[in-house]
Amino acid sequence: MGITSLFPMQEAVFSYLQDASAKRIVGDVILCAPTGSGKTLAYALPIVQGIIGRKLPRLRAIIVLPTRDLATQVAGVFKELTGNFGISVALVSGATSIVVERASLKTAEILIATPGRLVDHIENGDALSLRSVRYLVLDESDRLLQDEYQGWIDYVLPLLGTDRNLNSKQAEQSCRTRSTAGIIALAIQPEVSARAFMRSGQTSQESVRKVLVSATQTKNPKRLVRLGLRHPKFFEPISEREDTSLGNNYNIPSSLSEKAWIIRDAEDKPIVLLKTLGWITPASSDMHNDPAAQAVLALSGTKLIFTKSIQAAHRLCRLLEIFALLLGVEGDVIEMSGDLSPARRKQVMKTVHERKVVHPNSTVSPHSSRFLVVVCSDVLARGVDIFNMDAVINYDVPVHIRTYVHRAGRTARAGRAGTVVTLLLSKQAHHFREMVRQADRGDRKIQAKNLGLRDEERASFIEKLDNALRLLRRLISRETLGLLSADKPLPEYARLEVCNLFEEMKADGWAQNEDATLPDDIRKRRITESLEPAKRGRLDLPPGDSPTAIPTDGLDNIEATAENETLGGEDEFHDFLFSQIARNLLSEKTRSFRAM
Ligand SMILES: Nc1ncnc2c1ncn2[C@@H]1O[C@H](COP(=O)(O)OP(=O)(O)OP(=O)(O)O)[C@@H](O)[C@H]1O
């Protein structure tokens with residue numbers, strides 16, 4: 001693991017939990033610390049410490065995470081920590097068959113689970129005794145407390161620390177009643193009722209400590225109350241602000257540099273992205289005056305590009321694959337989204353962690369000077385720990401500040417430097433500014449710049465972009481018709497088509513690398529094709545391919561995203577309720593990690 005000392009936040013949480021366990025102090029924990037600040041170890045260490053030396057192997061801790069990928073990641077951390085102590089860690093997330101999972105439950109002392117799979121195992125009466133459970137951790141708690149997941153809480157909570165023969169239907173019923181009563185009481189008379197509510201109904205869970213972990217803790221009282229927290233202890237970073245009663249719920253690492261490029265014309269967006277990636281550079285004479293020149297990130301290294309949907313990620317990935325060939329840049333572009341098969345996702349994650357090349361037709365071996373660009377949907381936005389991520393680019397603006405915080409948090413982890421760049425259309429800039437302002441981030445600033453293309457630049461590049469988009473359209477169209485696998489790297493025929501654009505691009509000086517040549521496999525194939533027209537005909541696209549609509553920036557309709565970005569009235573109501581609870585109940589709140 002290579003960790004020599006603990007971060008202050010980890011020390012604070014560790015010593016509190018150790019002390020509280022030793023003295024049998026009742027109290028749950030709410031940990032709200034920046035992305036990449038080591039929250040996993042903060043709760044994992046005290047849990048493991050508490051189990052070491054226990055003679056009877058029993059299930060002592062359940063850690064719940066919202067996705068399979070995150071559960072797998074956290075299970076890895078626990079396995080590393082417990083390796084030398086013979087503590088059994090089980091993972092139930094659907095990553096392996098239910099039979100294999102069931103077998104692992106028999107001896108499990110620490111269980112890492114996704115909510116659905118956890119309920120499945122309990123419902124099926126699998127070898128899962130919850131009687132000795134002492135910790136319930138909700139990692140990414142705000143996500144786990146969202147509506148679509150809440151069923152699992154109602155189901156699991158009443159069973160913790162009890163014999164499992166408690167009728168689950170009864171338990172569910174009692175919990176529902178309690179929650180509804182609680183929220184109504186809070187709304188009417190926050191101070192008195194909520195205290196009484198939090199004290200009540202804890203009979204079955206007295207011995208279970210709940211730990212809520214996120215960089216963006218929920219402020220929604222309805223969601224918090226149903227957990228029946230007891231004397232919650234808040235851990236959050238020191239705030240300079242006077243009014244800290246609500247705490248800073250959106251934590252950004254201090255080593256993160258935040259930028260936003262405002263783009264006037266939607267169709268310039270892909271070109272601005274290429275510039276930001278350092279794939280195309282402005283003429284050297286412009287370097288001092290052109291803001292784009294200062295905007296460019298280092299070409300090498302690993303970057304993560306977020307798009308608004310699975311489809312958008314796929315299109316952008318394809319487009320970048322095409323441009324990587326056209327511009328002769330040395331690196332790899334890969335896609336990561338929920339649409340990929342589990343095997344492919346695993347392979348991509350391995351690649352990202354190891355920074356290796358996965359494309360079978362990639363000819364260059366892994367090297368630090370080669371870049372790796374991962375284009376993804378929000379599947380990678382939360383919790384995923386990628387050690388060597390140099391920058392995050394929001395190609396599509398995030399629709400909520402929470403999403404912004406988590407996406408940005410994939411870089412600048414564990415005190416390292418990192419950059420997040422958000423590409424904004426002029427129309428979106430106002431909303432984005434408002435969203436950031438409402439997040440109440442103290443003195444943090446996002447460096448914003450207008451970043452258009454000069455007319456001559458646009459004139460010279462737009463034709464290449466059009467050609468690339470035409471090729472992209474045909475690719476997508478073939479995938480839609482089921483003639484191509486969207487799960488594979490750029491197919492052969494598309495790479496051949498790229499040849500036709502390549503020389504043109506190079507002649508016009510757009511190639512990032514002056515000496516760029518086509519990869520050998522394409523060059524050889526191209527010569528063969530030109531000698532054998534019959535064969536070439538087979539590779540060409542059918543004439544009837546219908547183009548897929550690619551509006552505005554040439555990729556998708558961005559304006560639709562901007563319109564969806566509003567904070568609902570319900571959120572405001574919950575914010576109000578939460579503020580009441582926070583002021584009235586949580587006076588024990590820890591204001592700094594050190595001042596415990
Ligand atoms: N004390 C430490 N010293 C050095 N590195 C550490 C330390 N603790 C944790 N790390 C490393 O910091 C990285 C981030 O840790 P972790 O994934 O727990 O962050 P997190 O706070 O949960 O982030 P997120 O909110 O994004 O989920 C990991 O690679 C981890 O190994």
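The values are calculated or read from the model by the stated rules, or taken from the named source; none is laboratory data. None of these values were measured; they are calculated from a predicted model. Cβ coordinates were reconstructed from backbone atoms using ideal geometry, including for glycine residues, and neighbour counts include every protein chain displayed. Just the protein is used for accessible areas: all its heavy atoms, side chains included, with ligands, DNA and RNA removed. Shrake-Rupley method; radii C 1.70, N 1.55, O 1.52, S 1.80 Å.
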Ranked highest first by the average count of other Cβ atoms within 10 Å around their residues, in what order do 418-427, 52-61 fall?
-> 418-427, 52-61
Between the modelled labels at residue 106 and residue 231 (7 Å from Cα along Cα→Cβ) the distance in nm is 4.0 nm
If r is the Cβ-Cβ distance from residue 264 to residue 124 and R0 is 56 Å, what FRET efficiency results, to the nearest 0.05?
-> 0.45
Take the alpha carbon gyration tensor of region 1-121, find the square roots of its eigenvalues, order them as a ≥ b ≥ c, and report rounded if a/c is under 1.5; if not, report prolate when a/b exceeds b/c, else oblate.
-> prolate
Length gained if residue 353 through residue 54 is fully extended, taking 0.36 nm per residue and subtracting the Cα-Cα distance, is 104.2 nm
Violating pairs (Cα-Cα greater than 23 angstrom) within the set 308/427; 222/259; 275/464; 303/346; 275/427; 269/308 = 222/259
Label point distance in nm, residue 341-residue 21, each placed 7 Å from Cα along Cα→Cβ | 4.2 nm
Mind ranking 334, 446 by accessible surface for me, highest first, 1.4 Å probe?
-> 446, 334
Theoretical gain in end-to-end length, residue 450 to residue 416 [0.36 nm per residue, Cα-Cα removed] | 9.5 nm
Area accessible to solvent at residue 67, 1.4 Å probe radius, in Å² | 50 Å²
Quick one: ranking 140, 330 by accessible area, 1.4 Å probe, largest first, what do you get?
-> 330, 140
Violations at 20 Å Cα threshold for listed pairs 23/210; 55/106; 23/79 -> 23/79
Sorted largest first, the Cα spans of region 381-478 on the principal axes come out in Å as 44, 29, 24
Separation between Cα centres of region 415-437 and region 255-275, rounded to whole Å = 10 Å
Taking 78, 387, 14, 234 and ranking on accessible area (1.4 Å, protein atoms only), highest first, one gets 387, 14, 234, 78
Surface accessible to a 1.4 Å probe, residue 406 within the full protein complex, Å² | 10 Å²
Can you send over the solvent-accessible area of residue 143, 1.4 Å probe, protein chains only, in Å² to the nearest 10?
-> 60 Å²
